[in-house]
1. So which residues in segment 476-491 are surrounded by 17 or more Cβ atoms within 10 Å (Cβ to Cβ) and under 27 Å from the mean Cα position of the chain (by Cα)?
2. Go through the residues of segment 98-114 one by one and say whether even a single one is surrounded by fewer than 24 Cβ atoms within 10 Å (Cβ to Cβ) and not in a helix (DSSP H, G or I).
3. Taking the options 86, 74, 60, name whichever one is crowded, with 21+ Cβ neighbours inside 10 Å and in contact with an Asp or Glu (Cβ under 6 Å, 6 or more places away or on another chain).
4. For residue 253, all conditions in the list (1) in a helix (DSSP H, G or I); (2) small (Gly, Ala, Ser); (3) more than 24 Å from the chain's Cα centre (by Cα) hold save one; what is the number of the exception?
5. Quick one: count up the residues across segment 192-212 that are part of a helix (DSSP H, G or I) and touching a Gly at 6+ places or on another chain (Cβ under 9 Å).
6. In segment 287-316, which residues are within 18 Å of residue 350 (Cβ to Cβ), touching a residue at least 60 places away in the same chain (Cβ under 8 Å) and not aliphatic (A, V, I, L, M)?
7. Residue by residue through segment 120-144, note down the ones that are of a type outside the set (Val, Ile, Thr), under 15 Å from residue 185 (Cβ atoms) and surrounded by 20 or more Cβ atoms within 10 Å (Cβ to Cβ).
8. Pull out all pairs, ordered by first then second residue, where Cβ-Cβ is under 9 Å, the residues are six or more apart or on different chains, the first lies in segment 101-120 and is within 15 Å of residue 51 (Cα to Cα) and free of Cβ contacts under 8 Å to residues at least 60 places away in the same chain, and the second is of a type in the set (S, T, N, Q) and in a loop (DSSP other than H, G, I, E, B).
Amino acid sequence: MEHQFDRRDSRLVITHIVFAFIALLIGGIAGLLQGLVRGGMIQLPAGIGYYQLLTAHGVLMALVFTTFFIIGFLYSAAAKTLGGKLLPVARNLGWLGFMHMAFGTLLATVMILLNKATVLYTFYAPMKASPFFYVALVFVVVGSWMSGFGLFYQYRVWRREHKGKLSPLLAFMAVVTMLMWQIATIGVALEVLLQLIPWSFGWVETINVMLSRTLFWYFGHPLVYFWLLPAYMCWYVMIPKIIGGKIFSDALARLSFILFLLFSIPVGFHHQLMEPGISPFWKYLQVVLTFMVVIPSLMTAFSLFATFEISGREKGAKGLFGWWKMLPWKDVRFFAPFVGMLVFIPAGAGGLINASNQMNAVVHNTLWVTGHFHLTVATSVALTFFGITYWLVPAMAGRTLTPRMNQLGIIQTILWAIGMFFMSGSMHTVGLFGSPRRTAYTTYGEHPDAVFWMPYHVAMAIGGTILFVAVLLMIYNLFALMRTPQGYTEYPVAEVTEHAEATPRLFERWGVWISLVVVLILLAYTVPVMDMIRHDVPGSKGFVTW
């Protein structure tokens, strides 16, 4: 008998997924309106601000959609690989975490809709939101911690009951992903609790802006890898099974995740290269650590395409690229994540530019950065999450992925790719011409440069409209997947090829890796943060610019 999920576990996972996609829909509406305003196609009615929409779009799509989806996915992975079902303690912590995060999300959304928190998703000081917006963020972060503790508990019990055994690869990856999140969110928790909440309530008059941004970006860049690692879980573990192959190397997959854990946190200064007040030495150090993340990314690319080629050749593929024809292009479970993989090639190249001091000076605060962001999280990650949804929801709900739903998934993926080609391509191009990010429609008094940008802004709006159609189709597909005929849908977990090297036990010595993470963080941040505290400037009062 194939594995079937406990109904209580299915309910927890599906609730997370549905909440995530509702956030995606609302954030998508805000994004569509943004694009149409920026392209000069519509004017917003009185009472709705462009930057209010920009905040809603960023918070709901970049923070809420991703976090809820990822936690639901990680819990499904734990249920699948760590004993067949969640332990009551883990499940209860999952629900407790969900309720905290859902309450925080609703409170934050209300504050944004009331135009009391138009501070964009990075909520930079000295722009000051309602204190209840920051309280809402506390609920979201604390809720995510609770969910993480549930995942760790499930993993720890499994390890205790299987002494001497290597933990399942998927579970190991889930733990690394959540561990990185737990460590990274310490920065934003300190910012919100010790700086933003006292300042917004009026308990203190000023805020140290440099310190607040540094604490945010201590969290802000690891957030990117928190989005990316669940996609890598799919690429490493699920895709080989879907194509009828095997995992190229368990050891390589674990090592790549360990390297992400080590080098994804002490890199925040590469988002602050243009800010004064931080020594060039510390910026240089964190740029070097940023470039170290390239190594596990290249390891992943090598592993994946090795898997594709080996699988194709075992099926009889001939010639240099004959294996390409053997890939299941008509299966949305493969097609959507694979498009995400391909897009990650230019997305990663753009990341190298953003992390380079001299090249970053050219593109800083232009639409290039927004275009890069939409290639990474909004394409590589989002399309992989969509691909996961097409088998995860039926697997958890005891439904089947019908040929019709598969076909609709292919159409939705193609629509998303076309829309992003127009939107992100235009953003990258016009960003190189100097068009700034995070600005509403303006021709700057008919300045020739700004007039020259307008066709690209129109193309962005067209791309955004196509993307919104794809969002609507994805929402339809999600709920349709829960109404397909009852039956069994595989939760695809591949086996490791018999030719792979054995995985070193060192990879599961958590004390070693967590200690190294702490050392790297202390090395990268202690001196500059102490300088910011010791040489505290007068600070800034709060500003409401909307």
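1. Hits for segment 476-491 are 477, 478, 481, 489, 491.
2. Yes: one or more hits.
3. Working: 74 fails: in contact with an Asp or Glu (Cβ under 6 Å, 6 or more places away or on another chain); 60 fails: in contact with an Asp or Glu (Cβ under 6 Å, 6 or more places away or on another chain).
Selected residue: 86, the only one of 86, 74, 60 that is crowded, with 21+ Cβ neighbours inside 10 Å and in contact with an Asp or Glu (Cβ under 6 Å, 6 or more places away or on another chain).
4. (3)
5. Narrowing segment 192-212 to residues part of a helix (DSSP H, G or I): 192-200, 209-212.
Subset that is touching a Gly at 6+ places or on another chain (Cβ under 9 Å): 199-200, 209-210.
Going through segment 192-212 one residue at a time, the tally reaches 4.
6. Hits for segment 287-316 are 290, 291, 300.
7. Listed by number, the residues that qualify are 123, 134, 136, 137, 143, 144.
8. Pairs that qualify, where the first residue is within 15 Å of residue 51 (Cα to Cα) and free of Cβ contacts under 8 Å to residues at least 60 places away in the same chain and the partner is of a type in the set (S, T, N, Q) and in a loop (DSSP other than H, G, I, E, B), are 111/130; 114/130; 116/130.
Read-outs throughout are calculated quantities, based only on the coordinates presented, and are distinct from any laboratory measurement. Given the structure is predicted, the values throughout are model-derived calculations rather than measurements. Note: ideal-geometry Cβ built from the backbone for every residue, glycine included; neighbour counts use all protein chains shown.
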